[in-house]
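The values are calculated or read from the model by the stated rules, or taken from the named source; none is laboratory data. Keep in mind that this is a model prediction, so the values were computed, not measured. Cβ placement follows ideal geometry from the backbone for every residue including glycine, while neighbour counts extend to all protein chains displayed.
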Amino acid sequence: EAGVVQSPRYKIIEKKQPVAFWCNPISGHNTLYWYRQNLGQGPELLIRYENEEAVDDSQLPKDRFSAERLKGVDSTLKIQPAELGDSAVYLCASSLVTSAYNEQFFGPGTRLTVL
Amino acid sequence: AQSVTQLDSHVSVSEGTPVLLRCNYSSSYSPSLFWYVQHPNKGLQLLLKYTSAATLVKGINGFEAEFKKSETSFHLTKPSAHMSDAAEYFCVVSEYANAGKSTFGDGTTLTVKP
């Protein structure tokens with residue numbers, strides 16, 4: 001079974017530039033999560049999708065961040081424009097359904113460096 | 001509101017000695033609790049989970065954890081550390097009443113000395 005796929009793995013950009021991250025979840029998983037992990041901290045949820053609907057985006061900085069999950073499968077997270085403080089690892093995860101009991105499966109992450 | 005506190009940011013043990021990674025949680029409801037491991041440049045992988053069944057939970061690679069409601073703790077243990085156990089470990093709390101939203105601790109870095 002293929003795991004969660006993310007690309008790119010690494011990205012270096014200058015501040016004020018746009019950047020996009022792509023995630024392909026495990027086949028059949030309805031729920032998709034985007035997390036941001038700052039150095040020395042645990043992942044923090046940015047947005048959660050159930051199929052193609054964003055059901056929790058309360059922590060997404062909507063002035064510069066946007067996300068979409070077309071057809072309830074792949075997802076893209078975009079930052080425009082990027083700021084120095086956006087340097088972090090962006091993790092995508094998926095689960096069968098949204099539940100307190102379900103395991104989340106994580107991709108390897110995209111490490112973003114903003115110069 | 002739910003929260004997680006991992007009491008040690010770094011733990012160092014010698015190979016073959018026991019491992020103890022401490023986690024305290026706060027939850028308004030009956031929580032589910034998880035331990036994930038993150039090896040360098042790899043995704044987080046589930047070690048074990050507690051979901052209101054047996055309080056002593058066994059996971060992969062010889063790890064286990066005990067849910068203690070009176071102490072609001074969910075400490076991770078392993079009888080004998082292996083070099084391959086060196087990684088970052090995250091304790092996670094999730095509440096059914098909070099739409100299954102997960103809150104992660106800040107992680108504990110485990111170093112295993114030969």
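Before moving on, here are some points about what is shown:
- Hey, B:LEU7 among the hydrophobic types (A, V, I, L, M, F, W, C), surrounded by 12 or more Cβ atoms within 10 Å (Cβ to Cβ) and under 25 Å from A:CYS92 (Cβ atoms) or not: no
- Matching residues in segment A:42-57 - criterion: being within 14 Å of another protein chain (Cβ to nearest Cβ) and either within 25 Å of B:THR51 (Cβ to Cβ) or aliphatic (A, V, I, L, M) (or both): A:GLY42, A:PRO43, A:GLU44, A:LEU45, A:LEU46, A:ILE47, A:ARG48, A:TYR49, A:GLU50, A:ALA54, A:VAL55, A:ASP56
- Scanning segment B:84-100 for residues that are at pLDDT 95 or above and either touching an Asp or Glu at 6+ places or on another chain (Cβ under 6 Å) or facing chain A (nearest Cβ under 7 Å) (or both) yields a single hit, B:PHE90.
- When residues in segment B:20-47 are screened for being in contact with a helix residue (DSSP H, G or I) (Cβ under 9 Å, 6 or more places away or on another chain), within 20 Å of B:ASP8 (Cβ to Cβ) and surrounded by fewer than 20 Cβ atoms within 10 Å (Cβ to Cβ), 1 of them pass.
- Scanning segment B:8-25 for residues that are under 16 Å from B:PRO114 (Cβ atoms) and not in a strand (DSSP E or B) turns up B:GLU15, B:GLY16, B:THR17.
- Answer residue from segment A:61-81, given it is touching a Lys or Arg at 6+ places or on another chain (Cβ under 8 Å) and aliphatic (A, V, I, L, M) and is nearest to A:LEU46 (Cα to Cα) among those: A:ALA67
- Condition met for B:VAL93 (surrounded by 13 or more Cβ atoms within 10 Å (Cβ to Cβ) and under 30 Å from A:ILE47 (Cβ atoms)): yes
- Per the listing B:THR5, B:THR103, the residue uniquely under 24 Å from A:GLY3 (Cβ atoms), assigned to a strand (DSSP E or B), within 13 Å of chain A (Cβ to nearest Cβ) and among the β-branched types (Val, Ile, Thr) is B:THR103.
- Among the residues of segment B:67-74, none qualifies, meaning not one is under 14 Å from the mean Cα position of the chain (by Cα), surrounded by fewer than 18 Cβ atoms within 10 Å (Cβ to Cβ) and closer than 27 Å to A:VAL97 by Cβ.
- Pairs are defined by a Cβ separation below 6 Å, a sequence spacing of at least 6 or placement on different chains, a first member in segment B:40-59 that is within 9 Å of chain A (Cβ to nearest Cβ) and part of a loop (DSSP other than H, G, I, E, B), and a second member that is surrounded by 14 or more Cβ atoms within 10 Å (Cβ to Cβ) and of a type in the set (S, T, N, Q); the pairs so defined are B:LEU44/B:GLN38; B:THR51/B:SER32.
- Note on segment A:1-67: enclosed strands (runs of 3 or more DSSP E) holding 2 or more residues that are under 13 Å from the mean Cα position of the chain (by Cα) and touching a residue at least 12 places away in the same chain (Cβ under 8 Å) are A:5-7, A:19-24, A:31-37, A:44-50.
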